[in-house]
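Worksheet for the structure shown next.
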Amino acid sequence: MLTTINSEAQVMPVFSELTSLPDSEGYAGMFAGVSNGRLFCLGGANFPDKRPWEGGKKKWYDEIYMFQEGKGCVKLADKLPSPLGYGITVSYKNQFIIVGGNHAAGFSDKVYGYEWTDGRLKMVHYPQLPVPLANMAGALVGQLIILAGGNSSATGRADKQCYVLDLEAIDSGWSALPSWPGRERMLPLCAVYGGMFYLFGGETTGTNSLSQHYRLILDDAYSFKPKKVDGRWTGTWTTLSRMPKGLSAGGSPLPVLENGDVVFWGGVDALTSLHTDPLSHPGISADVQLYNLNSDTWKYAGKKLGIAAPVTLPVVNWNGRWLYISGEIKPGIRTNKIYELK
C-alpha cells in the first residue's frame, strides 16, 4: 500500500496553552476522562528527584486532579487504588473508565469506572482484562471499548491482540477481536470516526542484516469496522494508505476535525528514535501531519513551533475541545502543560 499525498495547501491547526497541572514536573502516561462536565486527570509517572541518566528512579502516582470549566483545578482527596499509568481512558455517558496500565511492580489487568456524583468521585469495578496490558491503543466506538496492541510486561514483546468490551453487556466480559493484518506493536495511535476504529503506527523490534535488534517505528495504518455475528463481536480490517512518516507514542485517541482530518502532532518518528544520548536529544519533532478519513489521503500541515511537542499522553475531548494532557517532551522530562486544539 502506497502513501497517497494531497498536494493542496493546508492550514495549520491552531494549538494553544489552555492551563497547567498544579504539579510543576508534569507526568507521562496519565489517564484523562470526563464525568458530568468535569475533566479528570489521573496517575502517570515521572522522575521527581533526578533524571534517569543521573540515576533517578521513575515514580508512578495515584493522584487525581479535577478541572471545572471556569473554576480551575483542584487535587482531590480521592486516589487511584494504586499508582498507575500508561493505560487508556474512555468516557461513556457520565463515567470515565480507565483500562490497564503499569506501575513499579508490573502490569495491570484492572478496569475501573469513575463517576462524579454528589460532590465525590464514585468508583466501580469493570471486568478485568484477559491479560495485564499497557502501552496499547484504545478508544470508545459506540458502546464498545476497543483495544489494540500494547505489551504485557516490561521485558515482553509487543502484542498483536485486539480486545473488545461491550459496555451495554459488561457481564459478557472482554473478548478477542480479529487482529489487524500488520505486525505486532506497542504505543500505537488510534482514532474513531463514523463508527469505525482506526489504528496507526506504533513500534516493535526490528532485526537488521547482522541479526541485531533495533527500535522499529511503524508507518502502516488500518481501519476496523465492528459488527455482531451470532451474539459475538467481530469485524473487518482494511489496510489504509501508509503514513508519510511513521509515529509511535503520540497523544491518543487522535483528534478528528469536522472535515474528517485526523491530526498527528507529537510522537516519536524513526529519526528521533535514533537519538540515544538524552543530553543531546533534540526533543520531539514539530511536524504536523493530517490524514483525511474520507479520502484516505495524507497532508503535511507544517511545523508547530513555539510549543514542545509531547509523547506518551492522553488526548481527551472536553466540551467540544481536544486537549493534550501533560506528557513527555524529552527522555525523562515531562511537561505540566495542557494544550488545546481549536
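For this structure, a couple of remarks:
- Residue check, residue 101 in contact with a Phe, Trp or Tyr (Cβ under 8 Å, 6 or more places away or on another chain), over 26 Å from residue 202 (Cα atoms), crowded, with 19+ Cβ neighbours inside 10 Å and not charged (D, E, K, R): no
- Only one of 285, 223 that is over 27 Å from residue 98 (Cβ atoms) and either of a type in the set (S, T, N, Q) or assigned to a strand (DSSP E or B) (or both): 285
- Some residue of region 83-90 being under 18 Å from residue 162 (Cβ atoms), part of a strand (DSSP E or B) and not β-branched (Val, Ile, Thr): no
- Unmet requirement for residue 80, which otherwise passes all of (1) among the aliphatic types (A, V, I, L, M); (2) under 22 Å from residue 338 (Cβ atoms); (3) part of a strand (DSSP E or B): (3)
- Residue-level analysis places residue 32 outside the set of residues that are more than 20 Å from the chain's Cα centre (by Cα) and closer than 16 Å to residue 135 by Cα.
- Residue check for residue 230: among the acidic types (Asp, Glu), in contact with a Ser or Thr (Cβ under 7 Å, 6 or more places away or on another chain) and either without any contact (Cβ under 8 Å) to a residue 12 or more places away in the chain or at positive phi (or both): no
- Test result for residue 299, assigned to a strand (DSSP E or B), touching a Gly at 6+ places or on another chain (Cβ under 7 Å) and over 27 Å from residue 30 (Cα atoms): no
- Residues of region 198-254 satisfying the condition of being of a type in the set (A, V, I, L, M) and more than 21 Å from the chain's Cα centre (by Cα): 210, 229
- Taking residues in region 23-49 that are touching a residue at least 24 places away in the same chain (Cβ under 8 Å) and surrounded by fewer than 18 Cβ atoms within 10 Å (Cβ to Cβ), and partners anywhere that are part of a strand (DSSP E or B) and not charged (D, E, K, R), the pairs with Cβ atoms closer than 6 Å and at least 6 places apart or on different chains are 25/46; 36/116; 38/66; 38/68; 38/116.
- Pairs, first farther than 22 Å from residue 138 by Cβ and modelled with pLDDT of 95 or more in region 240-264, second hydrophobic (A, V, I, L, M, F, W, C) and outside any loop (DSSP other than H, G, I, E, B), C-beta under 8 Å, six or more apart: 241/221; 241/298; 242/221; 244/5; 244/298
- Residue in region 284-294 that is among the polar types (S, T, N, Q) and at pLDDT below 95 present: yes
- Inter-residue pairs, beta-carbon under 6 Å, first of a type in the set (Ser, Thr, Tyr) and in region 326-342, second outside any loop (DSSP other than H, G, I, E, B) and buried (at least 19 other Cβ atoms within 10 Å of the Cβ), 6+ apart: 335/329; 339/15; 339/324
- Among residues of region 220-258 being under 26 Å from residue 168 (Cα atoms) and small (Gly, Ala, Ser), the one that is surrounded by the fewest Cβ atoms within 10 Å (Cβ to Cβ) is 231.
- Screening residue 53 against (1) assigned to a loop (DSSP other than H, G, I, E, B); (2) touching a helix residue (DSSP H, G or I) at 6+ places or on another chain (Cβ under 7 Å) leaves a single unmet condition, (1).
- Identity of the residue in region 128-170, among the charged types (D, E, K, R) and in contact (Cβ under 8 Å) with a residue 40 or more places away in the chain, that ends up farthest from residue 237 (Cα to Cα): 157
- Considering residues of region 302-328 that are more than 18 Å from the chain's Cα centre (by Cα) and assigned to a strand (DSSP E or B) only, the residue nearest to residue 17 (Cα to Cα): 303
The values are calculated or read from the model by the stated rules, or taken from the named source; none is laboratory data. Quantities reported herein were computed from a predicted structural model and do not represent experimental measurements. Cβ atoms come from the backbone with ideal geometry, glycine included; neighbour counts cover every protein chain shown.
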